[in-house]
Amino acid sequence: MTEKSDAHYRIDNLDKSILMALMENARTPYAELAKRFAVSPGTIHVRVEKMKQAGIIEGTHVQVNAKKLGYDVCCFIGIILKSARDYPVALAKLEQLTEVVEAYYTTGHYNVFIKIMTRSIDELQQVLVNKIQVIDEIQSTETLISLQQPINKDVTP
């Protein structure tokens, strides 16, 4: 498959079914998926490989429970940069912080929106004061503490 055709790969109902099954349990054997969808294991393998080549499937990962690992505080921080040109440098500095688990370049009031996980409010304060607010490219921040995460799901293929 050429790179151009990979970019235009369109998934069908079988691909959607495969994706949904793998999103539920990425360790499901291809043979089991083949039986479930009445196709050969080779068909499953080919479809998965095509979706990987097209960038639809980017990989698999282990999902960990942050609270069970002691990370009790989840918060979101809206960041206003001093200048739009500061974005690459600020992002590189934020990426170095282990507490930053997600970052988004956004429109609206904030230039960057990040998600951080800490073990306590005290640790959150230390991260804010000693790691984030000392980044020269950052003009100001606003912190929103998450009380719970009632919805957590992937997109439906």
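The values are calculated or read from the model by the stated rules, or taken from the named source; none is laboratory data. Predicted model, so just to flag it, every value in this text is computed and none were measured. Here Cβ is always computed from backbone atoms with ideal geometry, including for glycine, and neighbour counts include all displayed protein chains.
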Looking at LEU97, LEU147, LEU69, LEU91 in this structure, which one is in contact (Cβ under 8 Å) with a residue 24 or more places away in the chain and among the aliphatic types (A, V, I, L, M)? LEU97
So ALA66 ticks every box in (1) modelled with pLDDT of 95 or more; (2) surrounded by fewer than 17 Cβ atoms within 10 Å (Cβ to Cβ) but one. Which box is left unticked? (1)
